[in-house]
Every structure is written in structure tokens, then in C-alpha cells.
1. Filter region B:37-58 down to the residues that are facing another protein chain (nearest Cβ under 7 Å) and assigned to a helix (DSSP H, G or I), then identify the one that is surrounded by the fewest Cβ atoms within 10 Å (Cβ to Cβ).
2. Whether any residue in region B:209-218 is surrounded by 15 or more Cβ atoms within 10 Å (Cβ to Cβ), in contact with a Leu (Cβ under 9 Å, 6 or more places away or on another chain) and part of a helix (DSSP H, G or I) is what I want to check.
3. Quick one: is B:Glu228 closer than 30 Å to A:Pro305 by Cβ and not small (Gly, Ala, Ser)?
4. Do you know which of the residues in region A:211-240 that are within 7 Å of chain B (Cβ to nearest Cβ) and of a type in the set (Asp, Glu) is least open to solvent (accessible area, probe 1.4 Å)?
5. Quick one: what pairs do we get from region B:120-134, first residue among the basic types (Lys, Arg), second open to solvent by less than 50 Å² (accessible area, probe 1.4 Å), C-beta under 6 Å, 6+ apart or different chains?
6. Being open to solvent by less than 80 Å² (accessible area, probe 1.4 Å), in contact (Cβ under 8 Å) with a residue 12 or more places away in the chain and farther than 30 Å from A:Gly186 by Cα is the filter here, so list the residues in region A:54-95 that pass it.
7. Residues in region A:158-169: is at least one within 19 Å of B:Cys43 (Cα to Cα), within 8 Å of another protein chain (Cβ to nearest Cβ) and in contact with a helix residue (DSSP H, G or I) (Cβ under 7 Å, 6 or more places away or on another chain)?
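The values are calculated or read from the model by the stated rules, or taken from the named source; none is laboratory data. From a predicted model like this one, the values you see are computed outputs, not experimental measurements. Here the Cβ positions follow ideal geometry from the backbone for every residue, glycine too, while neighbour counts run over all protein chains shown. Accessible surface is based on the protein model in full, side chains and every heavy atom, while ligands, DNA and RNA are left aside. Shrake-Rupley method; radii C 1.70, N 1.55, O 1.52, S 1.80 Å.
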Amino acid sequence: MDKFRMIFQFFQSNQESFMNGICGIMALASTQMYSAFDFNCPCLPHYNLAYGLGILLVPPFILFLLGFVLNNNISMLAEEWRRPQGQRGKDPSVLRYMFCSMAQRAMIAPAVWVSVTLLDGKCITCAFCTSVPVETLGNASHSHLSQGEIQRVLARIPCKEIYNGQQLIANEVAVRYLRCISQALGWCFVLLMTTLAFLVRSLRPCFSQAAFLKSRYWSHYIDIERKLFDETCAEHARSFAKVCIQQFFEGMSTDLVAARCHLPRKAPADAGDAAEKLLGITDQGTMNMALKNWHRCKPPLHLHPPALPTGNGWAGEGQSPLYSSAPRRETAAYYSWV
Amino acid sequence: MDRFRMIFQYFQSNSESVMNGICGLLALASVKMYTSFDFSCPCLPQYNVAYGLGIMFIPPVILFLCGLILNRQSLVMLEEWRRPPGRRKKDQAVIRYMCSSIMQRAMVAPVVWIIVTLLDGKCLICAFSGSVDPEKFVGFANASTVQVQQLLAKVPCKDDELMRNNTSRKAVSRYLRCWSQALGWSILLILIIAAFLARWLRPCFNQATLLQARHWSNYIDIEQKIFEETCCEHSRLFAHKCILHFFESMRQEIKLHSFSLPREGEGAEGEEDLLRGITDQDQVNKLLKMWYYEKPPLDVS
């Protein structure tokens with residue numbers, strides 16, 4: 001009992017820490033992707049906004065979808081959602097719980113990307129450099145440039161090497177201004193996300209704890225049931241295959257005996273297991289014929305009742321019992337700790 | 001019995017050391033975040049104060065909330081606080097103990113951030129460069145008010161063209177950094193003395209109540225873990241039974257509908273029959289189809 005509990009605890013924490021580990025790895029991957037990405041602002045009036053906002057918003061969307069794809073439980077959710085009702089009612093709160101947990105974990109990497117992007121400042125500098133308030137920060141009144149010209153000059157702010165508007169507004173002043181705004185946005189975003197996460201986590205016990213326990217239990221149950229069913233089917237398939245092949249060899253052996261019209265050699269009483277394992281096939285020609293038949297004419301998927309497993313069935317391997325009393329190789333199900 | 005006790009001790013020490021570990025990791029993360037954050041003072045009169053003080057106070061709030069979120073015990077405490085009394089009375093001392101231990105652990109990372117910020121000095125220089133008295137510094141003494149404000153606001157930016165070789169800028173910068181570091185060290189000293197006193201003087205007051213509160217808060221934590229484990233076990237056994245029933249009912253149905261000869265040899269029934277009467281392709285397909293289209297009811301009575 002103790003050992004059972006210890007092993008369960010290990011697998012349970014393992015599965016959880018596995019899921020959290022994937023989450024953490026994706027968050028690290030997103031920071032690594034950002035630092036490896038070579039940001040290259042186009043420095044042209046209308047392209048800047050598209051490029052900057054694109055880099056800010058498209059990769060998070062990709063990371064969000066990736067978060068779902070990498071989560072094993074998505075197929076379980078889809079299966080449970082689409083199955084016909086049958087004799088077992090469907091509980092929408094369980095589906096909601098499963099979806100929420102997955103979505104929460106998938107949101108972490110995109111949030112990290114957006115925060116890192118905003119705190120770094122290059123994207124916002126690129127996207128909004130044409131909106132810098134030149135009147136307050138520079139000398140708008142002194143220049144005689146048209147509006148379009150001013151826009152073109154401002155668009156070059158992120159590209160220091162080609163910037164030619166030092167009289168209009170100093171490059172460092174504009175960059176510092178934009179970066180300050182970007183970092184303020186970044187910190188506010190992080191604060192908002194953290195506050196939301198905190199509220200979600202702390203308000204739940206105050207309002208719907210019983211419903212939560214129920215949903216969590218049944219989502220766990222669905223996962224375990226699916227795994228156990230797969231295991232049972234695998235066991236069944238193994239036994240099926242074993243018996244099928246045994247019947248095939250017996251069939252071959254009987255055919256050969258009938259064809260050659262000679263009495264089967266009785267194995268000496270003390271030959272033991274080895275003679276039994278040969279199943280009446282004792283020479284090269286017969287073996288080759290057996291192999292050829294296996295390829296050309298596989299037996300039907302239909303076991304003859306009298307040949308179902310008896311005590312000394314096959315190949316010396318004992319039959320594995322149905323469910324051993326020892327704890328099985330069991331992975332505990334998905335748990336949400338958010 | 002001994003093994004049981006060993007496991008319990010393991011859980012108990014494990015959750016505390018896990019919480020302390022998380023606390024330490026968050027503190028390290030806050031230092032790392034500060035060093036990797038690219039501090040860039042806007043050097044504009046109204047924006048400096050907002051930026052400097054924002055960088056000093058918003059990340060600590062974030063770190064505090066993270067400390068609460070990542071601590072498993074905070075959930076346990078909330079559940080204990082909000083549960084209906086039912087047949088078990090609620091002990092306010094336990095809840096207070098849990099709350100205070102959670103808060104103490106969550107406060108470590110924000111305090112580390114604030115102290116690192118103050119000892120580094122950039123935030124305070126950025127925030128308060130516009131508030132120094134210009135008369136004290138030669139370079140700023142004789143300029144008009146508006147100009148002085150503009151110049152002082154640019155002090156944190158070493159590379160600004162106006163400030164590049166300005167010695168008064170360095171003087172202001174050193175002055176503010178000195179104040180910032182003094183503040184940082186003072187806060188650190190006060191906090192350490194407070195922690196020392198709290199730990200040292202605690203046994204003088206209410207030791208018995210403290211021991212009780214600590215015991216019961218540990219108990220609540222362990223009880224929660226064991227409940228979850230038991231639910232895990234239970235759902236596994238439930239699933240096992242449910243699937244067995246399902247296979248059994250399929251076998252019954254097949255017996256009813258097919259005319260195959262009953263299996264000879266009662267011996268086959270005596271031992272475990274892995275095939276459970278499902279012995280050909282159609283039967284297997286039917287079983288799998290039934291599993292999808294009509295899952296068995298959740299009733300294993």
C-alpha cells in the first residue's frame with residue numbers, strides 16, 4: 001500500500017512537473033527565439049508600423065497554437081467533445097475545465113514573447129517612430145519640410161546610420177522617448193497578466209471549489225480510462241496474435257502430416273519443452289513452406305474456440321495475468337495547478 | 001508503520017524545502033531580471049520621475065504576486081479560509097500562521113529587487129535628478145528655471161550631446177547615487193535586524209500556540225495531498241472496473257447473437273481468459289465501435 005502510494009505520488013508529480021516543464025521550456029524558447037531573431041526595421045513610412053506590429057503580434061499567435069499542439073491532452077479533449085452521448089452523459093463543465101487548463105498553459109509563451117518584445121523596445125520604436133511629438137521634443141517650427149518629408153525623415157529614426165533629421169529632432173531623444181513608452185507598456189502588460197493569473201487562482205476557491213473538485217476528478221478519470229482501455233486492447237491484441245500464430249503453426253503441421261501420409265513422429269517423452277516448441281516442423285523445407293505461407297496467405301482473424309489458451313500454451317512464456325496485483329506502469333493524468 | 005512515517009516526513013520536509021527553493025529562485029530571478037533589463041531613462045522633465053519610480057515599484061508588485069501564485073500553500077490556505085465549517089471548526093490561528101508564512105516568503109523577491117535597484121542607483125538618479133537644488137552645483141547655478149529643469153532632466157543620460165563633458169553632471173550623478181546607496185544599505189540593515197529580532201524573540205511569546213498552528217497547517221497541507229492521491233487511486237480502480245464491465249457486456253452480447261459452439265473445457269473458464277470471448281476481427285471492430293459510440297455508463301455497482 002505504501003509503495004503503491006509512493007509510486008503514484010512520483011508519477012503524479014512527474015506528470016505535473018512534465019507539463020510545467022514543457023511550459024517553461026516553451027517560455028525559454030520564446031526568449032531565445034527573440035534574441036536570435038535579427039530585427040531589421042525597414043525605416044519606410046508605412047512599412048514600419050506593419051513590420052513592428054507584425055513582429056509583436058504574429059509570433060505569439062504561433063506560440064499559442066504550438067502550445068496546444070504540444071499538449072497531449074488536446075486529442076483527449078477533442079474526443080470527449082465529439083463523442084456521441086450513448087449511455088454516458090456529457091458534462092460541459094469537465095470540457096470547460098480541460099480547455100481552460102490547456103489554454104492557460106498555452107498562454108505563457110506568447111505572454112513571455114510580448115513582454116520581452118515590449119521591454120526591449122525595438123518593435124515599438126520601429127512601429128511608432130513616425131508618431132513622435134516633434135513639437136515638444138524637437139524643432140518642428142524651424143524646418144521647412146512638407147508633412148510627407150517629415151514622415152520620411154522620422155521613419156528613419158530606428159536606422160541610426162541613415163538618419164538625417166538631427167536638426168528636426170535628435171535621434172537619441174526620440175529613441176529614448178519611444179523606448180521609455182515601450183518599457184512602460186511592457187511592465188504594465190506583465191503586471192496585468194500577473195494580476196489576472198493571481199485573481200484566477202485565488203478567486204476560484206472562494207466561489208466554486210466543489211464544482212472544481214468534481215471537474216478535476218472527472219477529467220482525470222477520462223484520461224486514466226483512455227489509457228487503461230488502450231492497455232487492455234494492447235493486451236488483447238497480444239493474446240489474439242499469440243493464439244492466431246499458434247493456430248497457424250498447428251494448421252501447417254496438420255497439413256504437412258496429411259500431405260506426407262506418415263505418422264507424426266512421437267517426440268520422446270523426455271524431450272520436454274524443446275520438442276513441443278518445434279510444433280511438428282523439423283526440417284528446412286517445411287520451415288520454408290511455413291514462412292512462405294505466412295507471407296502469401298495469412299490466417300483469417302478468427303480464432304477457433306477449442307484452441308483457446310490452455311495451461312501450457314505457447315513458447316515457454318507464461319501467460320501474463322489479467323491485471324497483476326502489483327501496481328501497473330501507470331501514468332497519472334493531467335493535473336492543472338493553475 | 002516506519003515506512004509510512006518516513007514518507008510523511010519526506011512530504012513534510014519536501015514541501016517546505018520546495019517553498020524555500022521557490023523563494024530563493026524568485027530572488028535570483030529578480031536579480032537576473034534587473035541585470036538583463038536595459039534601463040533607459042527618458043531624460044525628459046515630466047517622464048523621468050514616472051519612469052524611475054515605476055521601475056522601482058512595479059516589478060516588486062509583479063514579483064510579489066508571482067511569489068503568491070507559485071506557492072502551493074496559498075491555495076491551501078484560501079480553501080481553508082473559505083470552506084464552510086461543516087463538522088470541523090476553523091482555527092483562525094492556523095489560517096493566520098499560514099498567511100504570515102506565505103507573505104514572508106513572497107516578500108523576499110520584491111525586497112531583493114528594491115535593494116538591488118537602490119544599490120545600483122540608476123533609478124533614483126533618473127527619478128530625482130530634476131529635484132536637486134541647482135545652486136549647489138556650479139554648472140547649473142546660473143541658468144533660467146526652465147533651462148535648468150531641462151538640463152537637470154538630462155543628467156542621467158551620459159551620452160547626450162549637452163551632457164557629454166559636463167562635470168556638474170557627474171557631480172549631480174554622484175550625489176544622487178550616494179543617497180541611493182545609503183538608502184539601500186539602511187533598508188537592508190533595518191530588514192535584517194527586524195528578521196533577526198523576530199526570529200530570536202518569537203520563542204518568548206506564545207510558543208505553544210505557534211507549535212500548534214504550525215502542526216495543523218502542515219496537517220492541512222498533507223491532508224490535501226493525500227486526498228488528491230486517493231482520488232487518483234480511486235479513479236484508476238473505477239476505470240479498471242468500468243472497462244472490465246464493458247468487455248463483459250460485449251461478451252454477453254456476442255454470446256447472445258452468435259451461434260458459435262460454447263467453448264469446451266471448463267478449464268478455460270477457470271483461468272484468466274485474456275481474450276474475454278472476443279476472438280475475431282468483426283467482434284474486435286464491433287467492440288471498438290461501441291467504445292466510441294456508446295461509452296458505458298459511470299456505474300460499476
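1. Looking at residues that are facing another protein chain (nearest Cβ under 7 Å) and assigned to a helix (DSSP H, G or I), I get B:Ile58.
2. No.
3. Spelling it out, it is not the case that B:Glu228 is closer than 30 Å to A:Pro305 by Cβ and not small (Gly, Ala, Ser).
4. My answer is A:Glu225.
5. B:Lys122/B:Phe39
6. Passing the criteria: A:Asn73, A:Ile74, A:Met76, A:Leu77, A:Glu79, A:Glu80, A:Asp91, A:Ser93, A:Val94, A:Leu95.
7. No: zero hits.
Table: residues versus (1) in contact with a His (Cβ under 8 Å, 6 or more places away or on another chain); (2) among the hydrophobic types (A, V, I, L, M, F, W, C); (3) modelled with pLDDT under 90.
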{"position": "B:Phe11", "(1), (2), (3)": "no, yes, yes"}
{"position": "B:Ser17", "(1), (2), (3)": "no, no, yes"}
{"position": "B:Ser36", "(1), (2), (3)": "no, no, no"}
{"position": "B:Tyr47", "(1), (2), (3)": "no, no, no"}
{"position": "B:Val61", "(1), (2), (3)": "no, yes, no"}
{"position": "B:Gly67", "(1), (2), (3)": "no, no, no"}
{"position": "B:Ile95", "(1), (2), (3)": "no, yes, no"}
